[in-house]
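Comments concern the structure below.
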Amino acid sequence: QVQLVESGGGLVQAGGSLRLSCAASGYTGSAYAVGWFRQAPGKEREFVAAISRSGSSTSYADSVKGRFTMSRDNAKKTVYLQMNSLKPEDTAVYYCAARRAVIDSVYTKYDYWGQGTQVTVSS
């Protein structure tokens, strides 16, 4: 059974930084591509970033490009999302998700999801 657990969310002022972690269990560390998605109240879930199984390929939404960096440590079965220069519009619940295929920006293509972690950016 694949399980994903996010951590690292919190309250931060605009311009600040947070690092989210997504710890996986139930599968080999490099078996799945992982994506980060976020959902703000009243809005649809949106793609943030994704990383390939090996970590050699990443993809970012235009809204976070240059500010967010995704990485992974397959030995630790953990994926990270470093978020810098945070803006109030980044406020949302952030979810990590996994799929046994190449990276994708469409959330319906992911098979396993974590419970989410809240990120709140104050102005």
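Listed values, structure above:
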read-out	value
All positions within region 42-58 that are in a strand (DSSP E or B) and either surrounded by fewer than 18 Cβ atoms within 10 Å (Cβ to Cβ) or touching a Leu at 6+ places or on another chain (Cβ under 8 Å) (or both)	46, 48, 49, 58
Filter result (touching a strand residue (DSSP E or B) at 6+ places or on another chain (Cβ under 8 Å) and hydroxyl-bearing (Ser, Thr, Tyr)) within region 66-91	69, 71, 78, 80, 91
Filter pass, residue 62 being more than 12 Å from the chain's Cα centre (by Cα) and surrounded by 18 or more Cβ atoms within 10 Å (Cβ to Cβ)	no
Qualifying residue in region 25-32 (condition: outside any loop (DSSP other than H, G, I, E, B) and open to solvent by less than 20 Å² (accessible area, probe 1.4 Å))	no
Matching residues, region 106-123, being farther than 16 Å from residue 44 by Cα and part of a loop (DSSP other than H, G, I, E, B)	111, 114, 115, 123
Residue list for region 77-90, restricted to those being open to solvent by 40 Å² or more (accessible area, probe 1.4 Å) and modelled with pLDDT of 95 or more	82, 84, 85, 87, 88, 89
Where a residue in region 79-106 is over 15 Å from residue 60 (Cβ atoms) and its partner, wherever it lies, is open to solvent by 30 Å² or more (accessible area, probe 1.4 Å) and among the acidic types (Asp, Glu), with Cβ under 6 Å and at least six apart	99/111
Residue 94 vs. criteria part of a strand (DSSP E or B), among the aromatic types (Phe, Trp, Tyr), touching a strand residue (DSSP E or B) at 6+ places or on another chain (Cβ under 6 Å) and within 19 Å of residue 122 (Cβ to Cβ)	yes
From 23, 49, 31, 40, residue being at pLDDT below 95 and among the aliphatic types (A, V, I, L, M)	31
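Table: residues versus (1) touching an Asp or Glu at 6+ places or on another chain (Cβ under 9 Å); (2) assigned to a strand (DSSP E or B).
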position: 1; (1), (2): no, no
position: 22; (1), (2): yes, yes
position: 34; (1), (2): no, yes
position: 37; (1), (2): yes, yes
position: 69; (1), (2): no, yes
position: 98; (1), (2): yes, yes
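The values are calculated or read from the model by the stated rules, or taken from the named source; none is laboratory data. Given the structure is predicted, the values throughout are model-derived calculations rather than measurements. Because the Cβ atoms are built from the backbone with ideal geometry, glycine has one as well, and the counts that use them run over all protein chains shown. Accessible surface areas use protein heavy atoms only, side chains included; no ligands, DNA or RNA. Shrake-Rupley method; radii C 1.70, N 1.55, O 1.52, S 1.80 Å.
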